[in-house]
Structures are given as C-alpha cells and as structure tokens.
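Below: one structure, written as structure tokens.
The values are calculated or read from the model by the stated rules, or taken from the named source; none is laboratory data. Being a predicted model, the structure only gives us computed values, none of them experimental. Neighbour counts are summed over all protein chains in view; Cβ atoms, including those assigned to glycine, are modelled from backbone coordinates with ideal geometry.
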Amino acid sequence: ENPTAREKTQIWRIKFASVNTFQIEKSIKNIKGGMAYYNQRVGNLMPKTVNWKFDYRDVMNRNGKVTVIYGAYDFIDFKGEKYREQIKNYPNIDFRLIENSGHNIWSDEPEIFKKELKRALSK
C-alpha cells in the first residue's frame, strides 16, 4: 500500500523524533513540517564544513561567552559526562545540562530551553 503525503510526513516525524528526542509523546507535536522541509544533501554537507582536527576549546574558553546547552539524554553521552570531561580545564565554557531532554532540547523542554537560550544570549 502506498502511504499518502500526510502519512509519509507522519512517518518521517516519528522516525526523526525517535532518535532525536527524549520525550517523543511530547515532542512529536513540536516537530513542524516533514520531509519536504529537510534536505539530506544539506545535512550531508554540514559535517564537511568543520575542521575536525582543530581543537575549538581554547578559542571557546577565551571568548568567555560560550554556552553549551546539552540534553541529558543526547545520543550516547548521557548526562554530558564525556563532554564535561573534555571541558574540565576550560572554566569559561558554560555547560548547561537540561534534564528530561535529548538532542532536540527545544522540543523536549521548550520552556527550559528558551530560558537557557535567553540567559546565554544575554552574556
């Protein structure tokens, strides 16, 4: 059976949310659009724009205005343990862990994310 365009969009939202959010039942409502709004070619180009050999921590620390807003269940680094270990000698990098959220914090915990983003932008 061929799914309709609406069904394809719903399937895409479920697949996207299942790997990117922590509270799928809450987050699925916040995922707008669907496959028409996501371009895989653009997604494939993004990693190519980063110099993976450059250590950004010193620059981020010197800037003094860098805030990392991190979901407690972001992929495999739960609670940001690995990330915190990597920045432990960089005191000016502000690390904000958001409980009950995954990779898409703004969808899992929109009000907390909004508060943290405003805080970070006010530096």
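To keep it simple, each residue is scored yes or no on (1) in contact with a helix residue (DSSP H, G or I) (Cβ under 7 Å, 6 or more places away or on another chain); (2) modelled with pLDDT of 95 or more.
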| residue | (1), (2) |
| --- | --- |
| F54 | no, no |
| M60 | no, no |
| Y73 | no, no |
| F95 | yes, yes |
| N100 | yes, no |
| H103 | yes, no |
| D108 | yes, no |
| K115 | no, yes |
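So which residues in the stretch 39-80 are surrounded by fewer than 10 Cβ atoms within 10 Å (Cβ to Cβ), in a helix (DSSP H, G or I) and not hydrophobic (A, V, I, L, M, F, W, C)?
In the first step, residues of the stretch 39-80 are kept if they are surrounded by fewer than 10 Cβ atoms within 10 Å (Cβ to Cβ); the result is 40-44, 46-55, 76.
Adding the requirement that they be in a helix (DSSP H, G or I) leaves 40-44, 46-49.
Hits for the stretch 39-80 are Q40, R41, G43, N44, P47, K48, T49.
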**Complete set of residues in the stretch 73-123 that are within 23 Å of R57 (Cβ to Cβ), among the aromatic types (F, W, Y) and touching a strand residue (DSSP E or B) at 6+ places or on another chain (Cβ under 8 Å)** = Y83, F95
**Request:** List every residue pair whose Cβ atoms lie under 6 Å apart, where the two residues are 6 or more positions apart in sequence or sit on different chains, the first residue falls within the stretch 2-22 and is part of a helix (DSSP H, G or I), and the second residue, located anywhere, is at pLDDT 75 or above.
**Result:** N20/H103; N20/N104
**Cβ pairs under 7 Å, 6+ apart, first in the stretch 82-108 and without any contact (Cβ under 8 Å) to a residue 24 or more places away in the chain, second of a type in the set (D, E) and surrounded by fewer than 17 Cβ atoms within 10 Å (Cβ to Cβ)** = Y83/D77
